[in-house]
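Structure first, commentary second.
The values are calculated or read from the model by the stated rules, or taken from the named source; none is laboratory data. Just so you know, these numbers come straight off a predicted model, no measurement behind them. Counting neighbours? That spans all protein chains shown, and the Cβs are built from the backbone with ideal geometry, glycine included. SASA here: full protein model, heavy atoms, side chains in, ligands and nucleic acids out. Shrake-Rupley method; radii C 1.70, N 1.55, O 1.52, S 1.80 Å.
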Number of protein chains: 2
Amino acid sequence: MILTVTLNTALDLTYRVERLVPHSSHRVTTVTERPGGKGLNVARVLTALGHDVTVTGFVGGATGEALRAGLNGVRDALFPVLGSTRRTVAVVDSSSGDTTQLNEPGPLITPSEWSTFLTSYETLLTSASAVALCGSLPPGVPVGAYAHLVRGARAAGVPVLLDTSGEPLRRGIAARPDIVKPNADELAELTGSWEPLPATRAARRRGAHAVVASLGPNGLLAATPDGTWQATPAAIVSGNPTGAGDSAVAALLAGLVAGDPWPKRLASAVALSAATVLAPVAGEFDADAYTEFEAGVSVVQHADAA
Amino acid sequence: MILTVTLNTALDLTYRVERLVPHSSHRVTTVTERPGGKGLNVARVLTALGHDVTVTGFVGGATGEALRAGLNGVRDALFPVLGSTRRTVAVVDSSSGDTTQLNEPGPLITPSEWSTFLTSYETLLTSASAVALCGSLPPGVPVGAYAHLVRGARAAGVPVLLDTSGEPLRRGIAARPDIVKPNADELAELTGSWEPLPATRAARRRGAHAVVASLGPNGLLAATPDGTWQATPAAIVSGNPTGAGDSAVAALLAGLVAGDPWPKRLASAVALSAATVLAPVAGEFDADAYTEFEAGVSVVQHADAA
């Protein structure tokens, strides 16, 4: 199975309102509610692609129960904690389509919860074909957490993908994960450069075997042991970009497990991202569009300067 | 026991943010969560005053479970339904103190849930010394619901207070409740008049035995079978007015059950409202201030013109 780790899981609420006006009262016209946090989104997409997926991370309180109840089809190895799982609220203006985001803080994880989690993570690794470490850290989890989890996966011989930001990324990348998937902001924060190619190569020199940088609607740029490629969609699709990055991670994991060559992995990831932007519901993808888009992705190899 | 009915219960969330800026992302710095809906707030205040209180109304889903878990000390006779209890989110700007309110719609109540609830309500009335019917109606509940519940209480010989608005108030008042407690907006919507004294008397002619109109920080105006009184606090306190109206309802119920004369009931209600505005947490009251304020309330009788 593929294992995804979401230390800071969330119950994602979407509220549709006529128009958000600060300091007034609003009737929410529709409410949608679903499990969130990057690793849970990745797991949902992988499940839809037919993979056997297990999710782990922390979950607690009544919000945690609601999250678990929404995990249809994904194997639940979430680790219960005393604190309460956070909610995120996306308030969507029906008039403009614009979104205002409110993110609760995550639960405080105690040192004993963290160390017990580590034991359970090691057990899960014994039956994993790949592991993805995704998203932010809740309070109480040490900033070097991902570095520790990357080393655990490498010791168990399980390929590991890391998708996080800031100091947890900086520390995690030094532990030599197989793949990191930063976006432009995360890459610039890590390397100080906003130029995709030098920044991607600089990130790789920090320790990751492969760096797959997301260029938003323009596709992916990958610096790997086999070469450097840029994968570009045939056309830029318009829609809701929420979850497009998580879909790219799902495709990269699927390609990793299948042992696909990099150009094929990247074409899948770009196509699946675009098919996610196209789908009417955030974080879902249009399966027909995915198949159609995959053939249209252009993958160009860069000359491998040092 | 005193029974409070909250058909549209809610889990009330308060999110503190630095400053709410539409179409951007916000870290919520603190989250508070507590059972809400007017009748639950009234019950909490009555419990703090030492009364034996039972709450009923509808509750469902994971949010309903979270609500029930927060009912410390109040007897829970909430009626489970298939739909999910709504949340309300109050987003408080730390910089200005201003609040932006987001209210989810309530669960859809089916005809069979409504009729089963009516049977359980009648059973609860047999041991009630008074009943308060509070707040809005969730979808599916007939607009004449409060009229029906008022008639049920009167048939059982239980004094009944109604605190709602709009068409449910218009219909409910015609069923002759013992007390209605509109605020200025609700009174104007009901009677077409913004002048407190004529509007309060006009509301009474629509069927209520007594009308206690809330004048916000200026106190209460009551038209009753025993006369008309205006009760004014010694000073206007500043603070958070959330829950002040619910505290007034709690005091009016306590006075009703005790058989206190109207001037005493009104002095208590005005003092308890002011002590609620003064308390740092919305919906709680400052017990020392309550005692102190009660002696300072001025209660003046109006000449009883027709």
Fill in the blank from the handout: Expressed in angstrom and ordered largest first, the alpha-carbon extents of the range A:62-212 along the principal axes are 48, 44, 30
Exercise for the section: Run the 1.4 Å probe and let me know the accessible area of B:F79, rounded to the nearest 10 Å². Expected result: 40 Å²
Practice task
Can you check how the C-alpha radius of gyration of the range B:173-254 compares to 2.2 N^0.38 Å, as a plain ratio?
Solution key: 1.05
Exercise for the section: At a Cα cut-off below 29 Å, give the lysines reachable from A:K264, other chains included and same-chain residues fewer than 8 away excluded. Expected result: A:K38, A:K181
Fill in the blank from the handout: By accessible area (1.4 Å), largest first, B:E195, A:E186, A:E33 order as B:E195, A:E33, A:E186
Practice task
Would you kindly derive the ³J(HN,Hα) couplings of the range A:150-160 from the backbone phi angles with the Karplus curve 6.51 cos²θ - 1.76 cosθ + 1.60 (θ = phi - 60°), listing them in order in whole Hz, with x for Gly and Pro?
Solution key: 5, 4, x, 5, 5, 5, 8, x, 9, x, 10
Exercise for the section: Roll a 1.4 Å probe over the protein heavy atoms and report the accessible area of B:D288 in Å², nearest 10. Expected result: 120 Å²
Problem - Net charge contributed by nearby residues that have their C-beta within less than 13 Å of A:A234 (K/R +1, D/E -1) - result: -2
Practice task
Given the options B:S115, B:S95, B:S193, state which has the largest fluctuation in a GNM of chain B using a 10 Å cut-off (strictly under) for Cα springs.
Solution key: B:S95
Problem - Globularity index of chain B, i.e. its alpha-carbon radius of gyration over 2.2 N^0.38 Å - result: 0.97
Handout entry: Overall form of the range A:34-128 per C-alpha gyration tensor (a/c, 1.5; a/b vs b/c)
Key = oblate
Problem - Lys, Arg +1 and Asp, Glu -1 on Cβ, resulting dipole of the range B:2-302 about Cα centre, debye, nearest 20 - result: 660 debye
Practice task
Quickly estimate the mean residue ellipticity at 222 nm for chain A, helices only: each DSSP H run with n ≥ 4 gives -39500 (n - 2.57), and the total goes over all residues, rounded to 500.
Solution key: -11500 deg cm²/dmol
Handout entry: Using a 7 Å Cα-to-Cβ projection, B:S25 label spacings across copies, nm, ascending
Key = 3.2
Handout entry: Heavy-atom accessible surface that A and B bury in contact, both chains counted, 1.4 Å, Å² to 100
Key = 2300 Å²
Completion exercise
Here the averaged projected area of the protein assembly as shown, based on the convex hull of its alpha-carbon atoms and given in nm², is 29.6 nm²
Problem - Teacher prompt: B:L197 distances to equivalent labels in other copies, 7 Å Cα→Cβ, nm - result: 8.6
Fill in the blank from the handout: Probe 1.4 Å, heavy atoms of protein chains only: per residue, the accessible area of the range A:4-55 in Å² is 38 Å²
Handout entry: Label spacing, shortest first and in nm, from A:A295 to its equivalents in the remaining copies (7 angstrom along Cα→Cβ)
Key = 8.9
Handout entry: Surface share of carbon and sulfur [accessible, 1.4 angstrom probe, percent] for the protein assembly as shown
Key = 53 percent
Handout entry: Farthest toward positive dipole pole in the range B:1-60 [+1 Lys/Arg, -1 Asp/Glu at C-beta], among B:F58, B:L46, B:V17
Key = B:V17
Problem - Phi to ³J(HN,Hα) by Karplus 6.51 cos²θ - 1.76 cosθ + 1.60 over the range A:255-270, Hz, x for Gly, Pro - result: x, 5, 5, 6, x, 5, x, 4, x, 5, 4, 5, 4, 4, 5, 5
Problem - Total formal charge among the other residues, if their Cβ is under 15 angstrom from that of B:S96, Lys/Arg +1 and Asp/Glu -1 - result: -1
